[in-house]
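A.B. asks: First, the structure itself, so that you have it in front of you.
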Amino acid sequence: MSTAIDIRSVVKRYGTATALHGVSLSIADNEFFTLLGPSGCGKTTLLRCIAGFEDVTEGEIRLFGQNIAGLDPNHRPVNTVFQQYALFPHMSVLENVAFGLKMKGVSLSDRTARAGRMLEMVHLSAFADRLPAQLSGGQQQRVALARALAPEPKVLLLDEPLSALDLKLRQAMRVELKTLQEQTGITFIFVTHDQEEALTMSDRIAVMSQGRVQQIGTARDIYEAPVNRFVADFIGETNLLEVTVDRIEGGIARVTLPGGHTITCPTAATTPGKHHISIRPERLSISAAGDLTATVERVVYLGTDLQLLARLTTGEEFHIRLQNSARAQVPAPGSTVALHLEEGAARLLAD
Ligand code: ATP
């Protein structure tokens with residue numbers, strides 16, 4: 001697969017503040033790639049550097065092999081969809097979608113035909129003659145998408161494009177966006193702080209924090225094999241426990257748990273000593289012989305699942321999720337339970 005974007009050691013400073021501390025990553029052509037991280041981690045800055053709204057302080061960005069430094073935003077083969085999609089209020093939906101094509105000098109008949117096809121793709125053909133104000137928020141966002149796709153950019157940058165929509169619409173749009181990306185074959189770079197959004201749509205995700213990429217991988221990679229505490233904690237729910245690592249060999253660590261039990265687990269760390277492990281709440285079962293012992297403090301009924309808040313005998317708070325079923329044996333608050341870690345449930349973290 002060819003590379004669409006190569007970001008090499010990019011540093012971005014605003015005066016004395018550093019927004020990006022040497023970011024390197026490669027995005028493949030046709031990939032749905034997401035930059036995920038909390039507010040202020042630098043994801044929008046990186047997107048703006050790719051778009052050409054900002055210059056990088058150090059490093060370089062290559063688009064399809066070409067260094068784009070100094071290339072005007074209008075001359076880059078990229079287009080952007082923003083959270084505030086700002087349609088032209090006095091133009092019809094069709095005119096809005098055709099606008100970018102008009103600017104490029106595409107003839108009236110060609111741009112009308114292409115804008116019509118784009119509206120079909122986002123299921124808005126019936127709304128071509130309306131004004132933006134006569135559409136719902138979700139429909140307006142789809143017009144903005146059609147408008148950005150109409151000039152057929154090689155790369156589409158999407159900066160939190162769903163965050164202004166309500167939950168139901170957001171969920172529906174996730175599916176539509178993914179389908180659109182597959183249909184058009186355009187490389188999508190999607191920015192969000194919403195981990196569920198990232199997990200459901202992306203081929204790969206870069207998890208960012210404080211101007212640095214913490215981990216790059218598929219949704220499964222970053223959920224099941226987080227490299228450090230930040231990623232383990234930011235993606236989904238987890239239990240972080242301090243442990244002693246006795247030995248590491250061939251990517252497997254021998255670890256002593258709080259309470260004294262010993263287990264082996266895959267590891268991102270390379271040296272013995274004190275480290276943390278991450279244990280997902282759903283990768284445990286209550287059994288006669290356990291690896292950890294805990295007292296149940298609270299049981300929360302969540303429909304499909306039961307959430308148990310417990311405390312290990314060594315004092316740490318611990319979260320457990322059990323699947324709800326007719327046969328589910330729910331321990332009562334106050335009872336002491338033995339917790340069995342499923343194969344591969346624990347993951348030793350690098351820091
Ligand atoms: P959000 O989700 O809140 O948009 P983000 O992850 O996109 O956050 P950025 O907007 O990229 O974060 O900001 C990264 C850092 O750079 C922040 O600390 C921010 O304050 C700083 N920053 C961004 N733009 C500027 C600017 N024009 N001048 C000075 N500092 C800036």
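The values are calculated or read from the model by the stated rules, or taken from the named source; none is laboratory data. Here the structure is a predicted model, which is why all the values come from computation and not from measurement. No Cβ is skipped: glycine too gets one built from the backbone with ideal geometry, and neighbour counts run over all protein chains shown.
A.B. asks: Residue pairs, Cβ under 6 Å, 6 or more apart or interchain, first in the stretch 56-70 and of a type in the set (Ser, Thr, Tyr) and surrounded by 17 or more Cβ atoms within 10 Å (Cβ to Cβ), second in a strand (DSSP E or B) and at pLDDT below 90. List them.
C.D. replies: Here the result reads none, with nothing in the stretch 56-70 linked to a residue that is in a strand (DSSP E or B) and at pLDDT below 90.
A.B. asks: Identify all residues within the stretch 135-162 that are surrounded by 21 or more Cβ atoms within 10 Å (Cβ to Cβ), within 16 Å of the ligand (Cβ to nearest atom) and outside any loop (DSSP other than H, G, I, E, B); write none if there are none.
C.D. replies: Leu157, Leu158
A.B. asks: Starting from the stretch 194-212, take each residue that is among the charged types (D, E, K, R) and list its partners that are within 13 Å of the ligand (Cβ to nearest atom), counting only C-beta distances under 6 angstrom and pairs at least six apart or across chains.
C.D. replies: Taking only residues 6 or more apart or on different chains, the pairs are Arg212/His21.
A.B. asks: Taking Ser107 and the conditions (1) under 28 Å from the mean Cα position of the chain (by Cα); (2) surrounded by fewer than 19 Cβ atoms within 10 Å (Cβ to Cβ); (3) more than 14 Å from the ligand (Cβ to nearest atom); (4) modelled with pLDDT of 90 or more, which numbered condition does it fall short on, given that it satisfies the others?
C.D. replies: Tallying (1) under 28 Å from the mean Cα position of the chain (by Cα); (2) surrounded by fewer than 19 Cβ atoms within 10 Å (Cβ to Cβ); (3) more than 14 Å from the ligand (Cβ to nearest atom); (4) modelled with pLDDT of 90 or more, Ser107 fails exactly one: (1).
A.B. asks: So, in the stretch 11-43, how many residues would count as being polar (S, T, N, Q), farther than 15 Å from Arg204 by Cβ and buried (at least 22 other Cβ atoms within 10 Å of the Cβ)?
C.D. replies: Residues in the stretch 11-43 being polar (S, T, N, Q), farther than 15 Å from Arg204 by Cβ and buried (at least 22 other Cβ atoms within 10 Å of the Cβ): 0 in total.
A.B. asks: From the list Leu87, Leu101, Leu71, Leu131, pick out the single residue that is modelled with pLDDT of 85 or more, over 24 Å from Ile50 (Cα atoms) and among the hydrophobic types (A, V, I, L, M, F, W, C).
C.D. replies: Result of the check over Leu87, Leu101, Leu71, Leu131: Leu131.
A.B. asks: Further, regarding this structure: Being of a type outside the set (A, V, I, L, M, F, W, C) and either in contact with a Ser or Thr (Cβ under 6 Å, 6 or more places away or on another chain) or part of a helix (DSSP H, G or I) (or both) is the filter; apply it to the stretch 212-225 and report the residue that is farthest from Arg114 (Cα to Cα).
C.D. replies: Glu224
A.B. asks: Hey, could you check the stretch 28-46 for residues that are near the ligand (Cβ under 8 Å from one of its atoms) and in contact with an Asp or Glu (Cβ under 7 Å, 6 or more places away or on another chain) and say which is nearest to Leu156 (Cα to Cα)?
C.D. replies: If we take residues in the stretch 28-46 being near the ligand (Cβ under 8 Å from one of its atoms) and in contact with an Asp or Glu (Cβ under 7 Å, 6 or more places away or on another chain), then Thr44 is nearest to Leu156 (Cα to Cα).
A.B. asks: Would you say Gly185 is more than 16 Å from the ligand (Cβ to nearest atom), surrounded by fewer than 21 Cβ atoms within 10 Å (Cβ to Cβ) and touching a residue at least 40 places away in the same chain (Cβ under 8 Å)?
C.D. replies: yes
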